[in-house]
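Values in this text are rule-based calculations from the coordinates and carry no lab data. Keep in mind it's a predicted model, so treat the numbers as computed, not measured. Backbone-built Cβ (ideal geometry, glycine too); neighbour counts: all protein chains shown.
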Amino acid sequence: MTKKFLIAGNWKMHGTLAFTETLCSEVAALLKKEPLKQVDLLVCPPFTALSGALKTLQKSGVLVGGQDCHHEPHGAYTGNISPVMLKDLGCTHVIVGHSERRQYERESNALVKEKAEAALAAGLIPIICIGETLEERETSQTLAVIERQLEGSVPRDATVVIAYEPVWAIGTGRVPTIDQVTEVHAAIAKKQKSFGSVSGTAKILYGGSVKPSNAAALLNVPHVDGALVGGASLEAASFFAIAKAAAGL
Ligand code: PGA
C-alpha cells in the first residue's frame, strides 16, 4: 500500500480574515488544477480565522485544524477554546504541544497528553509535537528527550499524529541532516508501536524549516509521513510545492 502523506500548514499568529480568504482560495485553486494523489492537505489558521478558512475551503478537499485546544470540553476557562468547539466548526485535526507553547506557555508533557486525549474524545486527530533544543542535541540527549516526550505526552492505544520538530530548526532555516531525521523518526516509530493499537491514519511528520527545496529529501526518509510547515505555509505556491514534492514520491 502506498502511504498517504499529510502536509499541514501551521500559520501561527498570522492571518486576518482577508489574508485567510486569499491564501485558502489560492490553495484550493492550485489543488483543483492539479489534484494530488496520496496527499492530504491541512491548514491550521488562528482560531479567529477558522470559520473563514472552513467556508473558503468548502468542498476543496483541504482540511482545517486548530493550533491548540483546552483539555476540558467546556467550562469556566476564560479565553480558551475546547476541542469540542473545534470539532463543531468542522475541524479534523488540532496541533498540541507545539514547542512555542511548551516554551512560552510553559506547557508540560502531562498537559499536552491531556489536551491530546480531549481532542481524541471530541473526535479530532491530535498532532502532538515533540523535539529537542539545540543544547539537548549538542549534548547527545536527543533520543532521551524524544523518548521522554513520547512517554509523557502521547496517549496509548490511540491514533494520533506525532510531529518531530527540532526546536533549533523551527523558523531558522536550519534543518537536521537526513541521517539525524532518519534516526529520530525510526526511534519514534518503534516507540509508537509499543503504545498499542495504531491504525493506518497514525502518522509521523517532520517539521522545522521545511521548504520546497528540501521537502522531497525530508519526505523520502523512512517513517516520515508528512510535514508540519510554518513559514512556507503562508504562501500558497510554496505550501503547494511541498505537497507536490510528497505526491511525487
Ligand atoms: P517553520 O515552522 O516551518 O517556519 O520552521 C514549523 C513549525 O513551527 O511548525
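Hey, what do the phi angles of region 98-108 turn into as Karplus ³J(HN,Hα) couplings, whole Hz, using 6.51/-1.76/1.60 and θ = phi - 60°, x for Gly and Pro?
4, 4, 5, 6, 4, 7, 7, 10, 6, 7, 8
May I ask you to derive the relative contact order of region 107-165, considering only C-alpha pairs under 8 Å and at least 6 residues apart, and to give it as an integer percent?
49
Considering the zone a paramagnetic label at Y104 would reach in this model (a point 7 Å from Cα along the Cα-to-Cβ line), which residues of region 7-22 have amide N under 12 Å from it?
Residues passing the 12 Å test: 12-14.
Go ahead and set up a Gaussian network model of the chain, Cα springs under 10 Å, then flag whichever of V161, V210, V184 fluctuates most.
Looking only at V161, V210, V184, the biggest GNM fluctuation is shown by V184.
Can you pull the percent of Cα pairs in region 115-249 with separation above 24 Å?
28
Send over the semi-axes of region 1-74's equivalent ellipsoid, whole angstrom and largest first, taken as the square roots of 5 times the C-alpha gyration tensor eigenvalues.
Values for region 1-74, descending: 22, 17, 10 Å.
Would you please calculate the Kirkwood hydrodynamic radius of the chain over all C-alpha pairs and express it in Å, rounded to one decimal?
For the chain, the Kirkwood estimate is 17.9 Å.
Write down the Kirkwood hydrodynamic radius of region 118-168, to one decimal in angstroms, obtained as one divided by the mean of 1/r over all alpha carbon pairs.
Across region 118-168, the inverse of the average 1/r is 11.8 Å.
Express in nm, to one decimal, how much length is gained between T172 and H14 on full extension, taking 0.36 nm for each residue of separation and deducting their alpha carbon distance.
Separation in residues times 0.36 nm, less the Cα-Cα distance, equals 55.1 nm.
Taking only DSSP H segments of four or more residues, each worth -39500 (n - 2.57), what value at 222 nm results for the chain once the sum is divided by all its residues, to the nearest 500 deg cm²/dmol?
When only DSSP H runs of four or more count, the value is -12500 deg cm²/dmol.
Quick one: which residues, 5+ away or cross-chain, put their amide H under 5 Å from the amide H of E107? H built at 1.01 Å from N.
HN-HN under 5 Å from E107: R102.
Assuming R0 = 25 Å, can you tell me the calculated FRET efficiency for the pair E151 and D88, based on Cβ-Cβ distance, to the nearest 0.05?
About 0.20, to the nearest 0.05.
Non-local amide H neighbours of V94 (under 5 Å, H modeled in plane, Pro and chain starts lacking H): which ones?
Amide H neighbours of V94: G66, I125, I127.
Work out, step by step, the length gained on full extension between S51 and A186: first 0.36 nm times the residue separation, then minus their alpha carbon distance; give nm to one decimal.
Separation in residues times 0.36 nm, less the Cα-Cα distance, equals 44.9 nm.
With contacts defined as alpha carbon pairs under 8 Å and 6 or more residues apart, what's the relative contact order of the chain in percent?
Worked out over the chain, it gives 21 percent.
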